[in-house]
Structure formats: C-alpha cells, structure tokens
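The values are calculated or read from the model by the stated rules, or taken from the named source; none is laboratory data. Source: prediction; values computed, not measured. Don't worry about glycine lacking a Cβ; one is built from the backbone with ideal geometry, like all the others, and counts go over all protein chains shown.
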Amino acid sequence: MISGEFESPSTRTLDLSDHAAASRSTVDRVERDEAHRLLVTSSAGDALLNACVNEDGDPSAASSSSIGKKLFPGLDEAKREPALSGLLAGIAVAASDDLPRIRAHLFFRAIQGLWACSNPGCSEVTGEREGRTIGRLYEQPHYLCKCGGRILEFLYCQRCGDAFLGGYCTTTAQRPRCLVPHPGRARPRAVTRAGDPWTERV
C-alpha cells in the first residue's frame, strides 16, 4: 500500500465527448509529447478523476462502462469503449506525473462457481488464519454463513491476484442496499474487495 492523500482535480471537467476522436487516435500509439498535449488541453486527467468519485466526493472504484458513460455522454454505447480505451492508452503513453495513475482489475473465474463468507474472522474456518481476508469457502451459493457473515461469489484479479467478493445489489427492509449471491430481481452486479469492513454494502 502506497500512503498518500487524494488530490482533488483542479477543474470540474467531466464531459469529453468533443474530444472522443482525439482519444481514439491515441490507440494508434501517438508520440509521448503529442499524447500529453492532447490530454492536458482537454483536461482529460481531471475528467477521469471526476468520473471516479462517489456521492460524497471521495475517490471510488468504478466500472469501465460507468466511466465511459460519464466521460462520453454524447456518444452511443458502441463508441464509448474505443474512446475510453484511447484515453487510457494516451495516459499510459504520456507517462507524466501531472496525469492520474490508474489501477484496473480484470476478474477471472478459474472454476465454475466458488463462494466465500465475507467475514474475515469466520468461525467456520479451520487452520491457518494469518493474512486471510475471507471466511469459509462454499461450492454452492448460500445467503448466510453459520458465523453470521454474508456469503458472496469469490473472485480474484488475474493481473494482481487481489481477492474480491461479487454479488447483486438488492434492497431489503433491514438493509437499504446490500449484496446477495443470487441475481433474482436484484440489479446491477457489484464487486467489493475481500476483507473490506463494508463488504455487505455497495
């Protein structure tokens, strides 16, 4: 973990629809200086940071589709993905300290279904606990573990190996917004890092 504080964007820029063509062009590996110029003149770095905050204004992970919708609202869905890909490629090519650093996760399901208790201190776990961020593992989905923790689908990032728990957003009288293992009528799907204290919420 790298310590530090979130530095708020200097502008409120969010809509990059007018710069979509320039963003897509960076996929073709433009020169570093040109990529940097395009990103700075469009305030793309600020726009990306503004697209990745929650309702309280704090930095928050977001799906690529959500980011694309915020950054390129003037484009149809089919054109948002290449525009976002170009923007991210441009940031990588520019490699500048005045542009945001990005961390993305690619989720990988190695086997057909594996679920885990969201309680790191799960009483159903036997054996070594040090460094463990999830509770007991299950072959079939359940709602609650015997320890009282919510059971969610176990996922991990193929790139970095981080463990995550995935589920579906739903609303109950007890919990205004929570995650459940089955889709049912719940939408949309959401993911949270294993071991986070707010695992049952999104």
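Every condition in (1) surrounded by 12 or more Cβ atoms within 10 Å (Cβ to Cβ); (2) touching a Phe, Trp or Tyr at 6+ places or on another chain (Cβ under 8 Å) is met by GLU139 except one, and the failing one is (1).
Among the residues of segment 132-158, those identified as touching a residue at least 24 places away in the same chain (Cβ under 8 Å), over 9 Å from GLY113 (Cα atoms) and either touching an Asp or Glu at 6+ places or on another chain (Cβ under 8 Å) or of a type in the set (Gly, Ala, Ser) (or both) are CYS145, CYS147, GLY148, GLY149, ARG150, TYR156. When GLU124, GLU139 are checked against the criterion of being modelled with pLDDT of 90 or more, outside the structural domain of ALA35 (by TED's automatic domain parsing) and more than 28 Å from SER10 (Cβ to Cβ), GLU124 stands alone in meeting it. Of the residues examined, LEU14 is one that is modelled with pLDDT of 80 or more, assigned to a loop (DSSP other than H, G, I, E, B) and closer than 30 Å to PHE164 by Cα.
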